[in-house]
Amino acid sequence: MGETPRLNRLLWINQYAGTGEYRRLAEAMSRRSGLRLHVLGPRRGYCRYYERAQSLNEYHGPDYDLVTGRVWMSWRDVGGPYVTGMWREFLFFQPDVVHVFAEPYTTLHVQALICRRIFRPTAKVFVLGVENVVDPVPCGRWEALKRRLAHKRSDGVTCWSRTSRNALRAAGFPEKRLYVTNWGVPLERFKPGLRNDELRNRLGLGDSFVLGFVGKMELQKGLWTVLLALKRVAPHIKFLCVGDGHWREGFQAKVREFGLEKRVISVGNVAYDSIAAYMHAMDAVVLPSETTPRVVEQFGRVLVEAMACGIPAIGSDCGGIPEVIGSAGRVFPERDHVALADTVQELAADACLRRCLSELGRERAVNHLSFDALCGRLCAVYGWREHHSQTPEQEAKGSHAPNSDQEGKAVLSCGCEGRQ
């Protein structure tokens, strides 16, 4: 009887390991044959991004293991270095690949590089590149040291978008170790369905055309542009805003100032598992983000969720949004409320166009922007070609990520040809 082949051992270090999104990503990766996955997360602490305290229970199952460790000064932020947990995983799990879900120049990444050198010199260490605004010159000696270590010792960065890659390249990271893998969504959670008339009626939307937004209510998200556009379009078009943030009071004040109280519905935060239900109450989803000196839209995940649900996607040309939408939706110049109003009016008046964009968006989400497709690209970056999920035709082209310039060239095949 032959020997059982050794499984590739993969360690993910992720401060958001306990959230529903990242649990589903771990489940998608664990479904791939030939590997064993451990996910390390903070036992407890304060999550600065979600602005709430969190605690994480360990999980040991047949698919993957979720393990915890104590984070230094976790009462301030769970994204810091580990006091316990990381060295244990390097020493006893003996991973072949370590992927740190943090930015390249963080102390957490440096800690993983040091642990690799001491406990597992043969392991590869990758890090996640999300930010697309990176200071080209480090601030201080410690920051300079972290950059030198990252540039010299890291095996690579998996970037959410080309804008993230370009920012890291400008900061000095070697280009040959920058991989654009994009991001993804769980298709079992976001999928086409019937219009959610029950929710529409409960919110007072009726048969109106509903433009939707899901995300943080911050000024840089461009909600001001949506309100200006809403003043220009037909009165039967309404706006459903799902989320909360620092600009919620300012947003509501502008709604009253513009006299849009009957056309704008804001419901605050909803559970992650409820987002798809709200999207099915929308006729189109918009992400009108705007560029600021310190903030540029990193990816636009909500647009992928909408496309996976078969809801037409509209986005500004800020940051990584055009790369996400490709030719499967509509892109308008950021801060241009007139262009946005024209786009919304066009979609509201043309059911055929909405249907075509729905089909194109779903196809793009399934083929390129699902968690399964993302895991295939990650395995390719790790050097595990046998786990790659792309088709032979895509492999022959050497594709590592969706090509938004080619996607959707055969656009609108249901009688809407030419409406680009």
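List the pairs whose first member sits in region 292-304 and is in contact (Cβ under 8 Å) with a residue 24 or more places away in the chain and of a type in the set (Val, Ile, Thr), whose second member is buried (at least 21 other Cβ atoms within 10 Å of the Cβ) and in a helix (DSSP H, G or I), and whose Cβ atoms are under 8 Å apart, counting only residues at least 6 apart or on separate chains?
Qualifying pairs under 8 Å: 296/163; 304/324; 304/365.
For residue 271, work out the one condition from (1) aliphatic (A, V, I, L, M); (2) under 21 Å from the mean Cα position of the chain (by Cα); (3) under 19 Å from residue 340 (Cβ atoms) it doesn't fulfil.
Among (1) aliphatic (A, V, I, L, M); (2) under 21 Å from the mean Cα position of the chain (by Cα); (3) under 19 Å from residue 340 (Cβ atoms), the lone unmet condition for residue 271 is (3).
Can you pull out every residue in region 137-161 that is in contact with a helix residue (DSSP H, G or I) (Cβ under 6 Å, 6 or more places away or on another chain) and surrounded by fewer than 20 Cβ atoms within 10 Å (Cβ to Cβ)?
Result: 138, 146, 149, 153.
With respect to residue 280, is the statement that it is modelled with pLDDT of 95 or more, more than 23 Å from residue 341 (Cβ to Cβ) and under 26 Å from the mean Cα position of the chain (by Cα) true?
yes
In region 208-222, is there at least one residue being within 29 Å of the chain's Cα centre (by Cα), closer than 30 Å to residue 193 by Cα and among the hydroxyl-bearing types (Ser, Thr, Tyr)?
no
crowded, with 20+ Cβ neighbours inside 10 Å, among the basic types (Lys, Arg) and under 29 Å from residue 100 (Cβ atoms), is that true of residue 377?
When the stated conditions are applied, residue 377 passes them.
Quick one: count up the residues across region 233-261 that are out of contact with any strand residue (DSSP E or B) (no Cβ under 7 Å at 6 or more places or on another chain) and under 16 Å from residue 208 (Cβ atoms).
5
Pull up region 29-72, narrow it to residues that are part of a strand (DSSP E or B) and small (Gly, Ala, Ser), then point me to the one that is nearest to residue 11 (Cα to Cα).
For region 29-72, the residue satisfying everything is 41.
Counting only residues that are touching a residue at least 60 places away in the same chain (Cβ under 8 Å) and under 26 Å from residue 285 (Cβ atoms), how many does region 159-196 have?
Adding up the residues that qualify gives 22.
Name the residues in region 229-244 that are aliphatic (A, V, I, L, M) and crowded, with 18+ Cβ neighbours inside 10 Å, would you?
Correct list: 229, 230, 233, 237, 240, 242.
Rundown of residues vs (1) among the hydrophobic types (A, V, I, L, M, F, W, C); (2) in contact with an Asp or Glu (Cβ under 9 Å, 6 or more places away or on another chain); (3) part of a loop (DSSP other than H, G, I, E, B); (4) within 25 Å of residue 132 (Cβ to Cβ), yes/no style:
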{"position": "18", "(1), (2), (3), (4)": "no, no, yes, no"}
{"position": "21", "(1), (2), (3), (4)": "no, no, no, yes"}
{"position": "74", "(1), (2), (3), (4)": "no, no, yes, no"}
{"position": "87", "(1), (2), (3), (4)": "yes, no, no, no"}
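The values are calculated or read from the model by the stated rules, or taken from the named source; none is laboratory data. Since the structure is predicted, the reported quantities are computational estimates derived from the model, not experimental observations. Reconstructed Cβ throughout: ideal geometry from the backbone, glycine too, with neighbour counts over all protein chains shown.
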